[in-house]
Amino acid sequence: MEKHYDYLLVGAGLFNGVVAHEAAKRGKKCLVIEKRDVLGGNIYCKEVEGIMVHEYGAHIFHTSNEEVWDYVTDLVEFNHYINSPVANYHGEIYNLPFNMNTFSKMWNISTPEEARKIIEEQKSVIKKDPENLEEQAISLVGTDVYEKLIKGYTMKQWGRECKDLPASIIKRIPVRYIYDNNYFNDPHQGIPKGGYNELIEKLYDGCDVILETDFLSDKEKYTSMADHVVYTGTIDAYFDYCYGKLEYRSLHFEHELLNEYNHQGVAVMNYTDSETPFTRKIEHKHFAFGTQEKTVVTREYPAEWEDGMEPYYPVNDEKNSTLYERYKELGEKEEKVLFGGRLGEYKYYDMDKVIESALNFVKQYL
Ligand SMILES: Cc1cc2nc3c(=O)[nH]c(=O)nc-3n(C[C@H](O)[C@H](O)[C@H](O)COP(=O)(O)OP(=O)(O)OC[C@H]3O[C@@H](n4cnc5c(N)ncnc54)[C@H](O)[C@@H]3O)c2cc1C
């Protein structure tokens, strides 16, 4: 007779990892079904020449939630990586986020007062309410920062000129009048010393796992194998797109192993000119202070999402949010199936937020 489980977990990302770990603590039996040939969802890393390569996009853990930080650090040890990306504009290098190091390089100045004066002067060229993203950005940070560090990058991300994008895309642009290149404001940040895979292995420890299997290929059969189902795939696919398809933004990654020790001197370099076709280049070893002989870099290209591509980011505009609400209502009527995670809830979650959400889910349902 086929084994029966308390929980069938569809998708082996971070959300279900927390559910699996908490279920195991409570003596529950879980079966995991994952489409890909590895566990981990988008935080999975592939080891190449001793370097942990973030296959599905660079992942930096950061949080201000003490419960979440305690949770992850109980499981694995984190290094002291601090994200300090740099911008490359036609070979000119600027620190990010916009701070006194950026302004000092841009205008050869040294004091916050000088920087503030220049920015205020440049902002004042916008005299009316901004009508598009270009005017909005200039009204927030002035013309130089916009031209060199925002315009090309944003255009590549959205595939349209900033003049043709709505002002509402950018609500605020953080500007720091201190010399501080730490990208995040959260008190906790880092990368697991053993890589994200170690975290994933610990979370899924004790579960039965079926890889390279699409739950939707035989929904009824798999559903019958457990008392409850926690589904973290796309919610519109679960309901066979009965109300139409939700939209996503995708990315295309080009990984390359280089016979160099140190290619760019930083983990994350944003290419902010419009001529370079990719938006970012990641050098993975720097996330872990690697000393390997070789290095792996990844060029990240924005991509229009089409069927069959990885749905990386939900598009939380009005049209898609309304459509999602209809699917959510259908989801609430399901007896055995609960929906969670980035794709199941059609919501952009950072890792800490997805853990927080999974812990709340556990409190409510387990
Ligand atoms: C490019 C990128 C960069 C990011 N960078 C950061 C960062 O720097 N810091 C940060 O905190 N967060 C970052 N995030 C967010 C982070 O990836 C998510 O918070 C987290 O991975 C979400 O976990 P999840 O379990 O909800 O979803 P996922 O990781 O998407 O896992 C869902 C899993 O379900 C599987 N699946 C889907 N449908 C089916 C099916 N029908 N049958 C079987 N399996 C199925 C998928 O293959 C996938 O493995 C980033 C996300 C992206 C896309």
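The values are calculated or read from the model by the stated rules, or taken from the named source; none is laboratory data. All figures in this text were calculated on a predicted structure; none of them were measured in a lab. Cβ coordinates were reconstructed from backbone atoms using ideal geometry, including for glycine residues, and neighbour counts include every protein chain displayed. Heads up: the accessible areas ignore ligands, DNA and RNA and are worked out on the full protein's heavy atoms, side chains in. Shrake-Rupley method; radii C 1.70, N 1.55, O 1.52, S 1.80 Å.
Among the GluC sites (Glu not before Pro) within the range 204-303, those in coil by DSSP and having at most 14 neighbouring Cβ atoms inside 10 Å are GLU212, GLU260, GLU275, GLU293.
Which value, in Å² rounded to 10, gives the accessible area of ILE82 with a 1.4 Å probe and all protein chains present? The value for ILE82 is about 90 Å². Of all lysines in the structure, those lying under 26 Å Cα to Cα from LYS127, and not within fewer than 8 positions of it along the same chain, are LYS117, LYS148, LYS151, LYS163, LYS171.
Rolling a 1.4 Å probe over the protein heavy atoms leaves ASP144 with an accessible area of roughly 50 Å². For the chain, what % of the accessible area comes from carbon and sulfur atoms, probe 1.4 Å? Carbon and sulfur atoms account for 46 percent of the accessible area of the chain.
Sorting ASP317, ASP240 by solvent-accessible area of protein heavy atoms yields ASP240, ASP317, largest first, with a 1.4 Å probe.
Charges were assigned to the Cβ only: +1 to each Lys and Arg, -1 to each Asp and Glu. The resulting dipole of the range 1-101 about its Cα centre is roughly 420 debye. Using only Cα atoms, locate the centre of the range 11-75 and the centre of the range 276-354, then give the distance between them in Å, rounded to an integer. Centre-to-centre (Cα) distance: 14 Å.
The modelled label-to-label distance between GLU2 and GLU113, using points 7 Å beyond Cα along the C-beta direction, is 7.6 nm. Most simply put, the chain has about 65% antiparallel DSSP beta bridges, counting only bridges with both residues inside it. Cα centroids of the range 171-219 and the range 97-113: 32 Å apart. Extension gain, GLU335 to GLU49: 0.36 nm times the residue separation minus the Cα-Cα distance gives 98.3 nm. Size descriptors for the range 115-189: radius of gyration and Dmax over Cα atoms are 13.4, 40 Å.
Each Lys or Arg adds one and each Asp or Glu takes one away; over the other residues whose Cβ falls under 14 Å from the Cβ of MET100, this sums to +1. Entry for the range 135-177 at q = 0.15, 0.18 Å⁻¹: log10 I(q)/I(0) = -0.32, -0.47, Debye formula applied to identical alpha-carbon scatterers, no solvent contribution.
Using the rule -39500 (n - 2.57) for each DSSP H run of four or more residues, divided by the residues of the chain, the 222 nm mean residue ellipticity is -8500 deg cm²/dmol. Legend: residue pairs LYS193/LYS294; LYS35/LYS193; LYS156/LYS353; LYS105/LYS156, Cα-Cα distance threshold 21 Å; pairs beyond threshold, LYS35/LYS193; LYS156/LYS353; LYS105/LYS156. Each residue was assigned an accessible area with a 1.4 Å probe, and for THR73 the value is about 50 Å².
So what does log10 I(q)/I(0) come out to for the chain at q = 0.08, 0.09 Å⁻¹, using the Debye formula with one equal point on every Cα and no solvent? After summing over all Cα pairs, the log10 values are -0.46, -0.59.
Listed values for the range 7-13 are Karplus-derived 3J(HN,Hα) couplings in whole Hz (6.51 cos²θ - 1.76 cosθ + 1.60, θ = phi - 60°), namely 10, 9, 9, 9, x, 9, x, and x replaces Gly and Pro. Counting only protein heavy atoms and a 1.4 Å probe, the range 23-160 has 47 square angstrom of accessible area per residue. Counting 0.36 nm for each residue step from LYS29 to LYS363 and taking away their Cα separation leaves a gain of 118.5 nm. Subtracting the Cα-Cα distance of LEU211 and GLU120 from 0.36 nm times their residue separation leaves 27.2 nm of extension gain. In the context of the full set of protein chains, the range 228-298 has a per residue accessible area of 42 Å² (1.4 Å probe). Projecting each Cα onto the charge dipole of the range 1-77 (Lys/Arg +1, Asp/Glu -1 at the beta carbon, about the Cα centre), which of LEU31, MET52, HIS62 comes out farthest on the positive side? Most positive-ward Cα: LEU31.
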